[in-house]
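Written below as structure tokens is the structure these notes are about.
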Amino acid sequence: MDYYKLANEYQTPFYIYDFDKIKERFDKLKNAFKARKSQIFYAVKANSNLSVLKFLASLDSGFDCVSAGEIYRALKAGAKNYKIIFSGVGKSIEEIEFALNKNILYINIESEAEMFLIEQIASKMQRSARISIRVNPNVDAKTHPYISTGLHENKFGVDIESAKRMYIYAKKSSFLEPVGVHFHIGSQILDISSIQEASKIVSQLLRELIALNINLKFFDIGGGLGVCYKDEQEPNLYEYAQGILASLQGLDVCIGMEPGRFLVANAGEFVTKVLYEKCNGEKRFVIVDGAMNDLLRPSLYKAYHEIELLSDNIKGNLSLCDIVGGVCESGDFLAQNRKLAPTKTGDLIIVKGAGAYGFSMSSNYNTRNRVCELAKENDKIRIIRKRESYADQVALEVEYLKD
């Protein structure tokens, strides 16, 4: 791929996604569960570009949404309403009404209060709401604390006993239809034993519910499969699937899964241009035109992304540097303490593994325009989101200076 040609045509910084790699990952995950009924619900939050969603819909993907906006995006991209699920702790009345009006597959409930609210809304609308309850199995996902979701100290889901009580209530309700059970213990999980442990716990709950004539159709194992950013060992998909299947022996349910990062992270790159270098004492900085508002993960999690320098001097003497942007925050960096050859204005830096939680977490902080997004498919490049302009940024603001 000629990055300099792309930089000249589309300017920098930009994101580029390899759709062929996304398909490869999708097929691998789907095939791991081919022995049972299963449905992939792509986690829209990872990368919500409409072209990405449309491509995944063409692969028969469903969609896991955590806002009415994500449901809107999925439908706009051609998703079938019966392949959309709605998750998240803080669903508003308007969002619940929107989901019920769109007749999506089911809503993942996170609390008793939410269940009562959904019942009230469904009663008012005179329809039955299909629901699943998110169980918090109190299993440590062994990941970054900001993306751990399966412990009682986390805000997500309900404990086993509360879930039982809620299912019994929902079974008796005229306006709630329990169709699934759900758990999701965290993100960037590399040790699959934690997911398998959670599956055993929740599958036992499923058996108890079936004994109570609450016949659920979906066993949703969430997402969270980790990927290689540096030197991590990615989970073995066969072992992952076999562990889940073993816990469901004798049960006739469709396995739902919600991969996001696993499908798109390493299919995406962030391309930025070197502006200049500076040294503060012995500290070396490579200043680029991308910044934390474009790619937040390094600043937010101190996340590692592999860096590749494109320059005619890549064999120069390597020295440690921080790769930083122009945002007025000391936390504005894309990488710290990396060995890099001397750079010059116009060199390109490729940030690897940027397809997930890159553009979707970007912002206009410092009134910086959000970057453009490109897609690569069958060796052809096309633009799938235009670069913003300053006019785009202020278009919705209604307060104007008066003469």
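For a Förster distance of 35 Å, can you work out the FRET efficiency between the beta-carbons of residue 120 and residue 330, rounded to the nearest 0.05?
0.15
Using DSSP, restrict attention to beta bridges with both residues in the chain and report what percent are antiparallel, rounded to the nearest 5.
Counting DSSP beta bridges with both partners in the chain, the antiparallel share is about 45 percent.
Amide hydrogen proximity for residue 327: with H placed 1.01 Å from N in the peptide plane, the residues at 5 or more positions away or on another chain lying under 5 Å are 292.
Given the range 166-273, what whole percent of its Cα pairs are spread farther than 15 Å?
Details: 3859 of 5778 pairs.
The proportion of pairs with Cα distances above 15 Å equals 67 percent.
Under conditions of 20 °C and 1.002 mPa s, the range 40-123 yields 169 µm² s⁻¹ as its translational diffusion coefficient, taking Rh as the Kirkwood radius over Cα pairs in the Stokes-Einstein equation. Give the angle, between 0 and 90 degrees and rounded to the nearest 10, that separates the Cα long axis of helix 160-172 from the longest principal axis of the Cα atoms of the chain. On a 0 to 90 degree scale, this one is about 60. Remark: spin-label model distance residue 319-residue 379 equals 4.2 nm, labels positioned 7 Å along the Cα→Cβ axis. Each Lys and Arg contributes +1 and each Asp and Glu -1, all at the Cβ; summed about the Cα centre of the chain, the dipole is approximately 800 debye. The aspartates and glutamates whose alpha-carbon is closer than 20 Å to the alpha-carbon of residue 28, local same-chain residues fewer than 8 away aside, are 18, 20, 60, 64, 191, 220, 232, 234, 239, 258, 377. Annotation: for a label point projected 7 angstrom from Cα along Cα→Cβ of residue 390, residues of the range 321-356 with backbone N closer than 20 Å are 326-328. Shown here for the range 263-317: trypsin sites (Lys or Arg not before Pro) in loop regions (DSSP other than H, G, I, E, B) with at most 10 other Cβ atoms within 10 Å, namely 315. Counted over all Cα-Cα pairs of the chain, pairs farther apart than 42 Å make up 19 percent. Over the C-alpha atoms of the range 209-358, the Rg to Rh ratio, Rh being the Kirkwood estimate, stands at 1.19. Backbone geometry of the range 56-72 corresponds, through the Karplus equation with coefficients 6.51, -1.76 and 1.60 at θ = phi - 60°, to 3J(HN,Hα) couplings of 5, 4, 5, 8, 6, 6, x, 9, 9, 10, 10, 6, 4, x, 5, 4, 4 Hz, x marking Gly and Pro. Across the range 277-403, Cα-Cα pairs more than 22 Å apart make up 45 percent of the total. The H on the amide N of residue 62, modeled in the peptide plane, is under 5 Å from the matching H of 40, 41, 42, each at least 5 residues off or on a different chain. Distance from the alpha carbon centroid of the range 243-305 to that of the range 1-42 works out to 14 angstrom.
Could you sort 221-233, 371-383 so that the peptide with the highest average Cβ count within 10 Å comes first and the rest follow in order?
Going by the mean number of other Cβ atoms within 10 Å, highest first, we get 221-233, 371-383.
Across the cross-link table entries 37/91; 278/339; 230/376; 21/386, which are compared at the Cα atoms, the separations over 18 Å belong to 37/91; 230/376; 21/386.
Taking 0.36 nm per residue of sequence separation and removing the Cα-Cα distance, the residue 231/residue 366 pair yields an extension gain of 45.2 nm.
Mean residue ellipticity, 222 nm, helices only, the chain: the sum of -39500 (n - 2.57) across DSSP H runs of n ≥ 4, divided by residue count and rounded to 500, is -8500 deg cm²/dmol.
Each residue of the range 206-220 is assigned a 3J(HN,Hα), and the resulting list reads 4, 4, 5, 5, 4, 5, 8, 6, 9, 8, 7, 9, 10, 10, 9 Hz, derived from the Karplus form 6.51 cos²θ - 1.76 cosθ + 1.60 (θ = phi - 60°), x at Gly and Pro. Distant-in-sequence amide contacts of residue 105, defined by a placed amide H-H separation under 5 Å and a gap of 5 or more residues or a different chain, comprise 83, 84.
For the range 1-150, the equivalent ellipsoid derived from the alpha-carbon gyration tensor has semi-axes of 32, 19, 17 Å in decreasing order. Spin-label pair residue 177-residue 59: with each label point 7 Å from Cα along the Cα-Cβ axis, the two points sit 3.0 nm from one another. Summarising the label geometry, the points placed 7 Å from Cα in the beta-carbon direction at residue 212 and residue 102 lie 3.0 nm from one another. Sites listed here are GluC sites (Glu not before Pro) in the range 244-320 whose DSSP assignment is loop and whose Cβ has at most 15 other Cβ atoms within 10 Å: 282. Solvent-accessible area of the range 1-137 (1.4 angstrom probe, protein heavy atoms only): carbon and sulfur portion equals 49 percent.
The values are calculated or read from the model by the stated rules, or taken from the named source; none is laboratory data. A quick note: this is a predicted structure, and the numbers were derived from the prediction, not measured. Positions of Cβ are backbone-derived with ideal geometry, glycine not excepted, and every protein chain shown enters the neighbour counts. Areas reflect the complete protein model, heavy atoms only, side chains present, ligands, DNA and RNA absent. Shrake-Rupley method; radii C 1.70, N 1.55, O 1.52, S 1.80 Å.
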